[in-house]
Amino acid sequence: MLPGGVSSYEMILVGIVAIVLFGKNLPDVARKAGKSFAEFKRGMMGLQREFNSAMNESTSTASTYQSSRPAPSRRPEPLEDRVQEVRAPRFEPPTAPPSAKS
């Protein structure tokens, strides 16, 4: 069994189907497929290079930003000092007795 889970029987079957479908044009088809694959691979490598350079740039920018920030000069206020007392409206019982309307 070859890498990728493809057996030699399957490879022979694919070869026979390719010969039946393409016949004389098989070398041209294989050449075009190879060129297309190489172009795709180059494009993916370029995309990966751009991604890596952007990640490195953003990492260096973030580290520069963090190192240039001044340290806080004072401590924040404790939470207890900032909490305000919440007041609910006073409950007033109804003045009239409940009516029996249904």
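Any read-out appearing in this document is the output of simple, stated calculations on the displayed coordinates, not a laboratory observation. Quick caveat, the model's predicted, so the values are computed rather than measured. Heads up, the Cβs are rebuilt from the backbone with ideal geometry, glycines too, and the neighbour counts pull from every protein chain shown.
The table below lists the values:
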{"quantity": "For the stretch 8-68, diffusion coefficient by Stokes-Einstein and Kirkwood Rh (Cα), 10 °C, 1.306 mPa s, µm²/s", "calculated": "103"}
{"quantity": "Assigned charges on the beta-carbon of Lys, Arg, Asp, Glu; the stretch 8-68 dipole about Cα centre (debye)", "calculated": "300"}
{"quantity": "Full-stretch length increase - Arg74, Ala38 - with 0.36 nm per residue and alpha-carbon distance subtracted", "calculated": "7.0 nm"}
